[in-house]
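The structure appears below as structure tokens.
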Amino acid sequence: MYGTNTHTEKMTCSFLFSPHTESRIFQGNNCCKVRAYDSDVWSLRCDGLNDINNYESCTNICRRMSCFTSCHVFNDSIHGHIEMHPLLVRIIDTPQFQRLRHIKQLGGTYFVFPGASHNRFEHSIGVGHLAGRLVQELNERQPELLITRREILCVQIAGLCHDLGHGPFSHLFDGMFIPRIIPGSKWRHEKASLKMFDHLVHVNNLEPVMVEHGLVLPDDMVFIKEQIYGPLDPDPLNQEEKEKSFLYEIVSNKRNGIDVDKWDYFARDSYHLGIQNNFDYHRSLKFTRVCEVEGRNQICYREKEVTNLYDMFQTRNCLHRRAYKHPVTMAIELMITDALVKADNYIHFEGSGGRTFKMSEAIEDMEAYTKLTDHVFEQILHSTSDDLKDAREILQNITKRRLYKLLEKTQAESFSEVCVSVMDWGMNDDNPIDHVRFYSKKKPDHAIPIQQHQVSSLLPARFSEQWIRVYCKKTDAEIVDGGDTKPASCDPLHLPCRTFPDFNIDCGVLVCLCMFV
């Protein structure tokens, strides 16, 4: 807070919200200003009028809206010192959010890359921070967008809470474990994030706190959840929602995949993995603009940013190839999945109403799910129950580095695990840049596409490929020793369709393995 005036008992004041939202105005001449959260537009006017009630009402509003005394500063390894709004801090200081400290960001990758010890907690804080930065950049650059303080705060909350629904070892849980236990299940961590967010707000009695900070319930709860998961209402957007449709592209961009979630994890994962990150999100922040595209407002980028965005998707591809889907990472995650499957019937968590739930059942009860984290690994590893013997032995093999082995061109009669890895740029066979619109310096309000051939002839011709890996659980000498005593026959391995009923693999497809590390 800064200014030259001093409040007295005879003073009254007015607190103006951003000019596009509701305001409370009391007449006054002398003026001082309040520096409120994240550069939104505020003004505090004080004079010598006799209406002490107005003065008290106004100062209460100022105290509540300004984070001068209650804003927390976090020292983040990627973004440096960042300020968090008091409401965000209230959300962070709950058991449901603190749970993310105990879920590794990269799951089994930590067993291959020793530096990848970071967790969903710090990533979520980073996404909340970047969500706020992006929406405020747009607000400052284009005040005609009429972005309100409420909307800025909702976007930040969505960024902060987008990963609340992750299970143990992150994507391993919903991508490998749940499909094994519940074949055909459509459950994903994004859906769990919505349920966990509702649970977090309810059990911590945050509704009145949210209202106190200017949110309107239940409308803003729906808005926050739609930013995480997508539209919850199948009805078409009305005119007002079309004008603000760009806000849904900040945290989880369904249009082209460019969002602050990726900006944070590209930077954070690269830092902890020790892999060079060639994408600079700071540039993208400075060259974003909202333009109308086919009747809806959409986030667009300066035309010269196209190469930086291509670098972003190249970075994604690099991280998947070199780390997320590293052959040893996949072997370890297959082993962890096998252990969790074998332990599912014997590990229970207490949930709502005193009921107990298996790991695979905890996804339906957020009280139980709050207790399900990476700690289940140690719970199995240090167990003494005979029921957990098989699961325990698998995890012991991980700690002793007796891992499932990747078969290259080794002939075998049966196969323990088949892993199909899809490498793409985030939109299957599509080039995601084809779904991005750009603007020029001369025509900043005119959105245009940029074709691949206009950028470079050296860009990839395809944007998706599949790799099939076969892992063997046996630990005999031929495999454990890396194939030094391979069987006499080492013909290429051909797999008939019936071997893989869950995959669309043509008969006689050649299994080529270990081609990228």
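The values are calculated or read from the model by the stated rules, or taken from the named source; none is laboratory data. As the structure is a prediction and not an experimental result, all values here were calculated from the model. For neighbour counting, all protein chains shown are included, and Cβ atoms are generated from backbone atoms with ideal geometry for every residue, glycine included. Side chains are part of the model used for accessible areas, which takes the heavy atoms of the whole protein and leaves out ligands, DNA and RNA. Shrake-Rupley method; radii C 1.70, N 1.55, O 1.52, S 1.80 Å.
Can you say whether H171 is in contact (Cβ under 8 Å) with a residue 12 or more places away in the chain and open to solvent by 30 Å² or more (accessible area, probe 1.4 Å), as far as the supplied structure shows? Full working, then the answer.
Numbers: in contact (Cβ under 8 Å) with a residue 12 or more places away in the chain: yes; open to solvent by 30 Å² or more (accessible area, probe 1.4 Å): yes.
The answer is yes for H171.
Can you tell me which residue in region 96-119 is least open to solvent (accessible area, probe 1.4 Å), limited to those that are among the charged types (D, E, K, R) and more than 20 Å from Q396 (Cβ to Cβ)?
My answer is R99.
Inspect region 381-398 for any residue being touching a residue at least 60 places away in the same chain (Cβ under 8 Å), of a type in the set (A, V, I, L, M) and touching a Gly at 6+ places or on another chain (Cβ under 7 Å) and give the result as yes or no.
So far as region 381-398 goes, no, none of its residues is touching a residue at least 60 places away in the same chain (Cβ under 8 Å), of a type in the set (A, V, I, L, M) and touching a Gly at 6+ places or on another chain (Cβ under 7 Å).
When you check S124 against the structure, is it within 16 Å of F266 (Cα to Cα), open to solvent by 10 Å² or more (accessible area, probe 1.4 Å) and either in contact with a Leu (Cβ under 7 Å, 6 or more places away or on another chain) or part of a loop (DSSP other than H, G, I, E, B) (or both), yes or no?
Here the answer is no, as S124 does not meet what is asked.
From the set of residues in region 244-288 that are without any contact (Cβ under 8 Å) to a residue 40 or more places away in the chain and in a helix (DSSP H, G or I), which is farthest from the chain's Cα centre (by Cα)?
R283
For region 416-425, indicate whether the set of residues that are part of a helix (DSSP H, G or I), under 15 Å from V328 (Cα atoms) and either at pLDDT 65 or above or of a type in the set (S, T, N, Q) (or both) is non-empty.
Looking through region 416-425, none of the residues is part of a helix (DSSP H, G or I), under 15 Å from V328 (Cα atoms) and either at pLDDT 65 or above or of a type in the set (S, T, N, Q) (or both).
Which ones in region 363-393 are outside any loop (DSSP other than H, G, I, E, B), more than 23 Å from H189 (Cα to Cα) and open to solvent by 20 Å² or more (accessible area, probe 1.4 Å)?
Those that are outside any loop (DSSP other than H, G, I, E, B), more than 23 Å from H189 (Cα to Cα) and open to solvent by 20 Å² or more (accessible area, probe 1.4 Å): L381, D386, D387, K389, D390, R392, E393.
From the list E140, E190, which residue is open to solvent by 40 Å² or more (accessible area, probe 1.4 Å), part of a helix (DSSP H, G or I) and closer than 21 Å to F266 by Cα?
Just one listed residue meets the conditions, E190.
Run V211 past the list (1) open to solvent by 10 Å² or more (accessible area, probe 1.4 Å); (2) under 24 Å from D174 (Cα atoms); (3) at pLDDT 95 or above and report the number of the one that doesn't hold.
All conditions pass for V211, except number (2).
Looking at S360, is it part of a loop (DSSP other than H, G, I, E, B), touching a residue at least 24 places away in the same chain (Cβ under 8 Å) and hydroxyl-bearing (S, T, Y)?
When the stated conditions are applied, S360 passes them.
May I ask you to list the residues in region 340-360 that are surrounded by 15 or more Cβ atoms within 10 Å (Cβ to Cβ) and basic (K, R)?
Those that are surrounded by 15 or more Cβ atoms within 10 Å (Cβ to Cβ) and basic (K, R): K342, K358.
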